[in-house]
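Step one of this worksheet: look at the structure below.
The values are calculated or read from the model by the stated rules, or taken from the named source; none is laboratory data. As the structure is a computational prediction, the values presented were derived from the model and not from experiment. Cβ placement follows ideal geometry from the backbone for every residue including glycine, while neighbour counts extend to all protein chains displayed.
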């Protein structure tokens with residue numbers, strides 16, 4: 001959830017402007033997200049994990065299509081962040 005919140009703020013380029021993380025970009029951000037999903041795979045279940053991974057791929061495509069945040073692609077990518085959060089919330093309630 002924390003990663004998704006940060007991604008909402010850093011999208012669509014994910015480039016760090018503070019200077020503390022000079023190598024951060026779309027590639028590294030989605031690598032981090034997908035590796036994090038692997039860590040929670042057993043907790044959320046296979047079906048949710050596959051759905052989250054598919055949303056991650058779609059989200060990345062939207063952000064890469066709109067790096068200047070001028071079209072609806074970046075907005076669509078942010079909407080997918082909300083969808084991922086909903087899936088994670090539903091996994092928490094399942095416990």
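Which residues, taken from region 86-95, are more than 14 Å from the chain's Cα centre (by Cα) and part of a helix (DSSP H, G or I)?
89, 90, 91, 92, 93, 94
For (1) crowded, with 19+ Cβ neighbours inside 10 Å; (2) in contact with a helix residue (DSSP H, G or I) (Cβ under 6 Å, 6 or more places away or on another chain); (3) in contact (Cβ under 8 Å) with a residue 24 or more places away in the chain; (4) within 12 Å of residue 26 (Cβ to Cβ), each residue gets a yes or a no:
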| site | (1), (2), (3), (4) |
| --- | --- |
| 47 | no, no, no, no |
| 57 | no, no, no, no |
| 63 | yes, yes, yes, yes |
| 69 | no, no, yes, no |
| 76 | no, yes, no, no |
| 80 | yes, yes, yes, no |
| 84 | yes, yes, yes, no |
| 87 | no, yes, yes, no |
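Among the numbered criteria (1) over 14 Å from the mean Cα position of the chain (by Cα); (2) at pLDDT 95 or above; (3) surrounded by fewer than 14 Cβ atoms within 10 Å (Cβ to Cβ), which single criterion is violated by residue 35?
(1)
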